[in-house]
1. Ranking request for peptides 244-257, 213-226: highest mean number of other beta-carbon atoms within 10 Å first, then the rest in descending order.
2. Determine, at each q value in 0.10, 0.11 (inverse angstroms), the log₁₀ of I(q)/I(0) that the Debye formula gives when each Cα of the chain is one equal point scatterer.
3. Are there GluC sites (Glu not before Pro) in region 65-130 that DSSP puts in a loop and that have at most 12 other Cβ atoms within 10 Å, and which ones?
4. Apply the Karplus curve 6.51 cos²θ - 1.76 cosθ + 1.60, θ = phi - 60°, to the phi angles in region 26-34 and return the couplings in whole Hz, x for Gly and Pro.
5. Note down the magnitude of the dipole of the chain about its Cα centre, charges +1 on Lys and Arg C-beta and -1 on Asp and Glu C-beta and zero elsewhere, to the nearest 20 debye.
6. Taking θ as phi - 60°, what are the ³J(HN,Hα) couplings along region 77-82 by the Karplus curve (6.51, -1.76, 1.60), each to the nearest whole Hz, with x for Gly and Pro?
7. Which loop chymotrypsin sites (Phe, Trp or Tyr not before Pro) in region 112-204, with loop taken from DSSP, have no more than 14 other Cβ atoms within 10 angstrom of their Cβ?
8. Under a cut-off of 12 Å between alpha-carbon atoms, report the aspartates and glutamates in cross-link reach of K215, not counting same-chain residues fewer than 8 places apart.
Amino acid sequence: MRLAGKIGIVTAAASGMGRAGALRFAREGAAVAVVDQDDAGAREVVDAIGAAGGRGIAFAGDLRDDAFARDIVARTAREWGGVDFVWNHVGHPGPSAIEGLELADFELAMDLNVRSVLVTTIAALPELRARGGGALLFTASTSGLTGSQFSPVYNVAKFGIVGLVHGLAKRYARENIRVNAVCPGPTDTPMLRVFVARPDSQLPPGETPETLVKKRAGQVPMGRPARPEEVANAALFLLSDEASYITGVALPVDGGATA
């Protein structure tokens with residue numbers, strides 16, 4: 001198993017890509033802390049992990065709360081004796097438009113996409129050092145690699161995440177702490193519907209969120225959205241020892257969209 005004996009944390013893990021990752025990591029031998037604001041959803045994932053013979057624990061709360069963002073690390077380490085990896089998957093689409101932007105909406109996007117993952121990462125670093133190294137993984141986006149006319153605020157956040165990955169990768173390479181990002185394109189998750197149906201996104205006449213999802217996915221060279229499991233597979237590789245000489249990478253998982 002590719003994560004045998006490892007202890008990890010996955011945020012925003014009650015659905016979509018995070019859920020797929022938590023389940024896959026557990027099947028590969030990791031003990032997984034499943035973190036989400038959806039308590040029932042997080043517990044359902046842990047139940048599924050247990051039913052398959054794995055180890056999981058659920059933590060429910062708001063990662064905008066710095067104390068909670070730190071505490072998930074401390075509680076995981078107390079439960080299982082350490083932390084080997086963190087997948088900082090939590091995120092928020094932010095507003096679509098700039099005109100008329102409410103700064104509170106901008107701050108919410110920055111808090112969830114950037115601040116919360118930074119707080120959790122700071123808390124995790126001593127635990128990774130204590131284990132002789134480990135892996136930090138961030139969810140950026142193709143919006144962290146190329147501009148999006150539909151999501152300029154999301155661009156700000158996810159370009160920031162890619163920059164953070166580059167800096168941390170160089171800073172901690174000699175401590176055997178690897179830092180990478182996955183950059184999904186359109187992925188068939190509930191969040192994709194949230195993106196296209198944002199109140200300020202102004203759907204074209206006759207379009208619904210579902211028809212727009214199909215249209216955007218059809219523009220991908222592979223002609224379809226990613227499945228959550230496909231992003232989870234990329235995350236698994238970057239967190240595993242198979243990627244032992246890979247750090248500072250922002251890996252597109254986008255069906256060729258950024259090619």
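1. By packing density, highest mean first, the sequence is 244-257, 213-226.
2. The Cα Debye sum returns log10 ratios of -0.46, -0.56.
3. Answer by residue number: E99, E102.
4. So the Karplus estimates, Gly and Pro as x, are 5, 5, 8, x, 7, 8, 10, 8, 9 Hz.
5. I would put it at about 800 debye.
6. 5, 5, 5, 10, x, x
7. The qualifying sites: there are none.
8. Partners found: E207.
Each reported figure results from applying straightforward, stated rules to the coordinates on display, with no laboratory input. Since this is a predicted model, take the numbers as computed values, not measurements. We place every Cβ from the backbone using ideal geometry, glycine too, and count neighbours over all the protein chains shown.
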